[in-house]
Amino acid sequence: MDTRRLYSFIKIIDAGSITRAADILHIAQPALSQQLSALEAQFGQQLLIRSKRGVAPTEAGRALYLHAQLILRQVDLAQAAVDVSGRAPAGSVSVGLAPYSLGAALALPLLKSVRERYPDILLHINENFGGVISEAIMTGRMDMAFIYGAGPLRGVQFEPVRTEDLYLIGAPGDTAPSGRGEVELKELASLPLLLPSRIHTIRQVVDAAFQKASLRLNVVGEVESALTLVNAVDAGIGATVLPWSAARAILDVRALSVRRIVEPVIQVKLSVVTSDNQPLSEPALAVHDLFLELIAGDQKNDGAEDENTEDKDKDRQ
């Protein structure tokens, strides 16, 4: 099979027009139409529906589009493996990170560590929601992701790496005296909360806990931007619910009330997500292992920080 035809076919679908795809590929439109006709003849199926508004894939075309992406990615990985054979890992690695997660908190350390240890790896980081990231992995557009959730999900495999409790974080006057402690779930019902939208796993877990306890959430804002959330909590607009690792990464927790939610304890699982049908490339495997090192190191630091906080609380008493 001529991989150039597959590449051209993908561009036609992405552009939604043979004319636009020809401009992008810098080839004549008749030549591109011939490539498409050759593909349709090879598969014995009509791959596109043509109209005045452009082109759209048939069912057969959609199936080929997904497989073409995987095939071309495998070709790229094979070329990269041959190019760096016998040398340090090199190539492009795409990593997805869930916002408001330990993964997002470790994005900067990951960039720094990859740069120091594997200077020939080009790291691409995409911070997005689990569903979007999972689809990118299934279609081969992303190597791996670190997101909340434990699966199962068709086409991807989940490797749980950490379970985190959720905390209520807010201005001291709005929630409780500054410092660590605990808060019962029922007490959150009376508080104005700033949470991500329902597409986010944290929101889904919180919603499920409230529903099970027959409580109603008082959500005053759905915030997807970490910067906006920081400013809103600091301004006292509302409290938020986050894992401790994410909270200390984006908020000045020393100046805020940080209380672990109990009765019941609410937890989220952080997992490494990879494709179920294609192995990680050598550079992607190197990044995968490096990220797990960072998570393990963060967990040790978190434990030491908890001990220091408990000692300080005893001293104050």
Checking Glu135 against (1) of a type outside the set (Phe, Trp, Tyr); (2) buried (at least 18 other Cβ atoms within 10 Å of the Cβ); (3) within 13 Å of the chain's Cα centre (by Cα), the condition it does not meet: (2)
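Sort through Ser197, Ser275 and tell me the only one that's surrounded by fewer than 17 Cβ atoms within 10 Å (Cβ to Cβ), at pLDDT 85 or above and within 24 Å of the chain's Cα centre (by Cα). Before you say what the answer is, go through the steps one by one.
Working: Ser275 fails: surrounded by fewer than 17 Cβ atoms within 10 Å (Cβ to Cβ).
Only one candidate qualifies: Ser197.
Collect the residues in the stretch 140-160 that are crowded, with 17+ Cβ neighbours inside 10 Å and either out of contact with any Asp or Glu (no Cβ under 6 Å at 6 or more places or on another chain) or not hydrophobic (A, V, I, L, M, F, W, C) (or both), keeping them in residue-number order.
In the first step, residues of the stretch 140-160 are kept if they are crowded, with 17+ Cβ neighbours inside 10 Å; the result is 140, 142-149, 153, 156, 158.
Across the stretch 140-160, the qualifying residues are Gly140, Met142, Asp143, Met144, Ala145, Phe146, Ile147, Tyr148, Gly149, Leu153, Phe158.
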Residue within the stretch 27-34 that is in contact with a Lys or Arg (Cβ under 8 Å, 6 or more places away or on another chain), surrounded by fewer than 14 Cβ atoms within 10 Å (Cβ to Cβ) and modelled with pLDDT of 90 or more present: no
Breaking point among (1) outside the structural domain of Glu293 (by TED's automatic domain parsing); (2) hydroxyl-bearing (Ser, Thr, Tyr); (3) under 28 Å from Val287 (Cα atoms), for Tyr100: (1)
Yes/no for Leu280 being outside the structural domain of Ala104 (by TED's automatic domain parsing) and not in a helix (DSSP H, G or I): no
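With the stretch 1-75 as the region, which helices (runs of 4 or more DSSP H) entirely inside it contain at least 3 residues that are farther than 30 Å from Asp143 by Cβ? Before the answer, list the steps.
Values: elements: 3-15, 18-25, 29-43.
Filter on the stretch 1-75 gives 18-25, 29-43.
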Index of the failed condition, Ala232 passing every other in (1) in contact with a strand residue (DSSP E or B) (Cβ under 9 Å, 6 or more places away or on another chain); (2) in the same structural domain as Met144 (by TED's automatic domain parsing); (3) modelled with pLDDT of 80 or more: (2)
Of all residues making up the stretch 101-159, the number that are at pLDDT 75 or above, of a type in the set (Ser, Thr, Tyr) and in a helix (DSSP H, G or I): 1
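So that you can scan it fast, the table gives a plain yes or no per residue for (1) over 17 Å from Thr163 (Cα atoms); (2) of a type in the set (Val, Ile, Thr); (3) part of a loop (DSSP other than H, G, I, E, B):
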| position | (1), (2), (3) |
| --- | --- |
| Asn231 | yes, no, no |
| Gly236 | yes, no, yes |
| Val241 | no, yes, no |
| Val272 | no, yes, no |
| Leu285 | yes, no, no |
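The values are calculated or read from the model by the stated rules, or taken from the named source; none is laboratory data. Everything numeric here is computed off the predicted structure, so don't read it as measured data. FYI the Cβ positions are ideal-geometry reconstructions off the backbone, even for glycines, and counts take in every protein chain you see.
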